[in-house]
Amino acid sequence: SSKAKGTTYETILATKLRTYYGANPGFALEEKSKSSVGHEADMIMSWNDKKVLWEGKWYKDAIPTKEVNKFLRDMHESPHILVGVMMSRDSAITGKCERADIQTEFDGNQMMIYVSRADQYGDTLYSMLPQLWKVHWESKREHHAKEDEDRDKVIRIIDGLIASIAKRKLDWNVHKSRANEMLKWMNDLIAEDEDRLKKALTLLKSGNKE
């Protein structure tokens, strides 16, 4: 059955991953299909400080769409994993690899690699795949570095605006204080002149001279 063959292929794939990638100092392999944590991806491989999710399939006919959707669901539920590989040992993958037996897709920060008829590639497949995910990781690293640089630039602009606003507020308070002093001085002058005019008018009306 496909289930029995799939279990066998998971064991074969795990052996290949240990053979080709086990020399990496950060290598570790967690076989999720053998855990008791529900329906998960077959394996999660640690590579230095990164992780790769692997889904191995061995079907007589093309891998059905529901298995592809499960793989995508596993990826979406693990946003910290940036690379996922769905590998079919002997058959095609429905809806994927129509022009070639290897296809890459991107969704946000994640890269999905689909490999149909994986056994036909032999050892070259396992030396080629790291090149794909290294390029992807590097592009994400540079993207995050650019994001950090842009964020720092925005923070500097905001800090400058805040400082400018604070200075303008201080300047306005100084000008407002001076303006208030000038208004008070003008009001005092006007009041003084008004008082003198009232006195002059009173003298005129009384017919007396000051």
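A few remarks follow.
- Lys/Arg +1, Asp/Glu -1 at C-beta; region 70-117 dipole; positive extreme among G84, T94, Q110: T94
- Remark: spin-label model distance L132-E181 equals 7.6 nm, labels positioned 7 Å along the Cα→Cβ axis.
- Taking the average, over residues, of other Cβ atoms within 10 Å as the packing measure, peptides 178-185, 47-54 rank 47-54, 178-185 from highest down.
- Applying a threshold of 24 Å to the alpha-carbon distances of K16/K66; K70/K96; K66/K134; K32/K140; K50/K70; K5/K50 flags K16/K66; K66/K134; K32/K140; K5/K50 as lying beyond it.
- What you get for region 78-124, charging only the Cβ of Lys and Arg (+1) and of Asp and Glu (-1), is a dipole of about 60 debye around the Cα centre.
Each value in this text was obtained by applying a stated rule to the coordinates, not by laboratory testing. None of these values were measured; they are calculated from a predicted model. With ideal geometry, Cβ positions are generated from the backbone for all residues, glycine too; neighbour counts draw on all protein chains shown.
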